Every structure is written in C-alpha cells, then in structure tokens.
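Student: Please find one structure pasted underneath; my questions will follow.
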Amino acid sequence: MPPSTTQDLLSHAWFGLIGLMLVLYVVTDGFDLGVGVLTLLRRRESDRDLMIQSIGHVWDANETWLVALGGALFGAFPEAYAMILSDLYVPVMLLIASFIMRGAAIEFRHAAHSSKTVWDRVFGIGSLLAAISQGIVLGKILTGFVPGATSLGFVAVTAIGVVSGYCLLGATWLVKKTTGAIETSARRYAVVSVFTTVAAALVVSFATLKLSPVGVTRWQETGVFHLLIALGVLAALAFLYVLYSIHMRGEHGPFVGATILFVVSFAGLAISLFPYIVPGQLTVAAAASDSTTLTFMLCGIGIVFPIMVGYNLYQYHLFRGKVVPVKH
C-alpha cells in the first residue's frame, strides 16, 4: 500500500475518532451544562439542590471527553489546533473560566452553612457562559473565521442554538432523573427548547449552505445531498419522538430522542465539512501529522478509549434511577 494511501486512511480515521469524541462530549457534558442553565429559572433552593444532585456524580467525568478531544486534536492535527486556538483565544479562555466557575461553585455550595443562592447563580451563569462560548467556537469554525457582520450574525445564531440544545438535553435529563414539580417543569422546558433548537438548526443549516466556504460545493454532490436528506428525515423523526414521549409521560424517551437529534445533526455537520477541518482554509490531509505519529497515537487511544467509555457506562449504571432529595 502506498504511503500516501496509508496517510489518508490514518488521517481520516483520526477525523472520525475526534468527531466521535466530540459527540460524546456534547451529549454527556451537554446535559449537565443544560441542567446548570435551567437552575437559573428556579427560585427555590430545594429545587436547585435536586437539579444539581442529579448531575453531581457525573458532571466532572463528562468533561474528560473535552480534555481527550483537545489532546487528540493537538497530536493528530497540529496545524488545525494552532489555527483554531489562535483565532478563538477569547472564547476558549471564556470556556475555561466558565468551567472554573462551575467547579468552584459546586464545591463552595456544599460548604455553605446558610444560603447557597450566590453559588447556585455562579454555577448557572458558568454553565450559560460555557454553552455560549462553545456556540461561538462552532460558528467561527463554520464560517472559516471570515470577519464581517453577516458572519457575526451566524455566530450569534449558533450560540443560541447550542444554549437551546443543551437546555433540551438538560430538561430531558431532569425528566428522567427527577419527580414532582421539577419533572413537570422540565417537560415544559423540553417542549420549548426542542422547538427553539430545531429552529436554530434549520437557520444554521441554511446559513451554512449560503455562508460557509464549503457549503455550496459539498451539498451539491449527489451522494452527499441524498445522505443529508436521509439524516434530515431522521432528525425530524427524533424531533417528533421527543414531543411524543413528553406527551405520553415517558421518562427515558425524551432524553433518547434528544440524544438522537444531536447525533444525527452532528453527523450531517461533519459530512458537510469533510474533507475540510477548517472550512475553506485547511483540509484534513493538510492538517494531519505524519503517519508515524498518527499510528502511535492510534495505539494509545486504542487503550485509553475503551477505559473511558467503560468508566462512563459504569457510573451511569451505578447512579441510574430517580434522585432522592438529601436530608439536611
């Protein structure tokens, strides 16, 4: 097999692996960021206690996927890492600061002897800032870092879409994990957020076609267009399933439907961008490390990845079921 073919296979494999890690991060950390944002809507401290308790055993482990993602991008696609981090310095620093806010807030609220309101607000605002900064990163990458008012509007829509999508995941998580007034409110939040999420996704899809440097060319390819249509149908079915599950008082169905909606949407996004890793500026092949580095990293991820997945599955299994309020 020619070396160029080996290099292509390895770079494409790493593009897929990084995409998979990104999906795992978005779904897992997405719901706990969404729960954090939704705590801003609750006035009663006991409600916020239960909401934070529902993610208390998993929120920090969820963020390990982002650490793994950053390391993989740095090693497998160093040129893309350098370009993305240099152009997105402010939102990335905002993202790191928001994670610090969330972690500190959870620890300090546990130690608070009186009102926890201040730390609850810090946690909620940190979650909101994390979602906004991730939306900005997504929008900037999709526009290929092109400046201008139109691109700025596109970034604003992606930020709204990410916040809304995380609220959808958070609300459906609360439907699965809580009871009583919080579960009832979470169902209302889920209905509102699923509509706003789909609306934002449609706007982003149309804008990607019109504004992204690779949107028009990629979408006009026959095989790609048909595949995107199929994914669009699956996304529509997932949207309807979320609404149906909420209407039928399902507990697990809404979260499953929201997860499918995210996965399908991300798959469509990845297909639209390939073979670019930064639209219009940097392809996967141009950004990839040499085959020796990619092979070495592949051996390492082959050991680490199953451990991370296994640990995540174990913790979700261990803390399954509805959360019970802790008696103080």
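The values are calculated or read from the model by the stated rules, or taken from the named source; none is laboratory data. From a predicted model like this one, the values you see are computed outputs, not experimental measurements. Positions of Cβ are generated from backbone atoms using ideal geometry, with glycine treated the same way; all protein chains shown enter the neighbour counts.
Student: Can you pull out every residue in region 38-49 that is modelled with pLDDT under 90, surrounded by fewer than 22 Cβ atoms within 10 Å (Cβ to Cβ) and touching a helix residue (DSSP H, G or I) at 6+ places or on another chain (Cβ under 9 Å)?
Tutor: If the condition is that a residue be modelled with pLDDT under 90, surrounded by fewer than 22 Cβ atoms within 10 Å (Cβ to Cβ) and touching a helix residue (DSSP H, G or I) at 6+ places or on another chain (Cβ under 9 Å), then 42, 44, 45, 47, 49 are the ones that fit.
Student: Residues 35, 23: which one is in contact with a helix residue (DSSP H, G or I) (Cβ under 6 Å, 6 or more places away or on another chain), within 30 Å of residue 292 (Cβ to Cβ), β-branched (Val, Ile, Thr) and in contact (Cβ under 8 Å) with a residue 12 or more places away in the chain?
Tutor: Values: 35 fails: within 30 Å of residue 292 (Cβ to Cβ).
On inspection, the qualifying residue turns out to be 23.
Student: Go through region 95-131 and report how many residues are more than 15 Å from residue 39 (Cα to Cα) and crowded, with 21+ Cβ neighbours inside 10 Å.
Tutor: 1
Student: Within region 304-320, is even one residue basic (Lys, Arg), part of a loop (DSSP other than H, G, I, E, B) and in contact (Cβ under 8 Å) with a residue 12 or more places away in the chain?
Tutor: Here is the first cut: in region 304-320, the ones basic (Lys, Arg) are 320.
This time we only want the ones that are part of a loop (DSSP other than H, G, I, E, B), so: 320.
Next, from what is left, pick out any that are in contact (Cβ under 8 Å) with a residue 12 or more places away in the chain: none.
No: zero hits.
Student: Continuing with the same structure: In region 252-303, how many are buried (at least 17 other Cβ atoms within 10 Å of the Cβ) and in a loop (DSSP other than H, G, I, E, B)?
Tutor: Of the residues in that region, 5 qualify.
Student: Here's a follow-up. Of all helices (runs of 4 or more DSSP H) completely enclosed by region 1-108, which ones contain at least 2 residues that are within 15 Å of the chain's Cα centre (by Cα)?
Tutor: 3-38, 59-62, 64-76
Student: Sticking with this one: Please list, ordered by first then second residue, the pairs with beta carbon atoms under 9 Å, 6 or more apart or interchain, first in region 47-58 and of a type in the set (S, T, N, Q), second not in a loop (DSSP other than H, G, I, E, B).
Tutor: So the pair list comes out as 53/177; 54/32; 54/35; 54/173; 54/174; 54/176; 54/177; 54/182.
Student: Then there's this: Working only within region 159-181, note down all residues that are assigned to a helix (DSSP H, G or I) and either of a type in the set (Lys, Arg) or at pLDDT below 90 (or both).
Tutor: So in region 159-181, the residues assigned to a helix (DSSP H, G or I) come out as 159-177, 180-181.
Matches in region 159-181: 176, 177, 180, 181.
Student: To continue, here is another question. For region 65-94, enumerate the residues that are crowded, with 20+ Cβ neighbours inside 10 Å, of a type in the set (A, V, I, L, M, F, W, C) and closer than 30 Å to residue 43 by Cα.
Tutor: Within region 65-94, none qualify.
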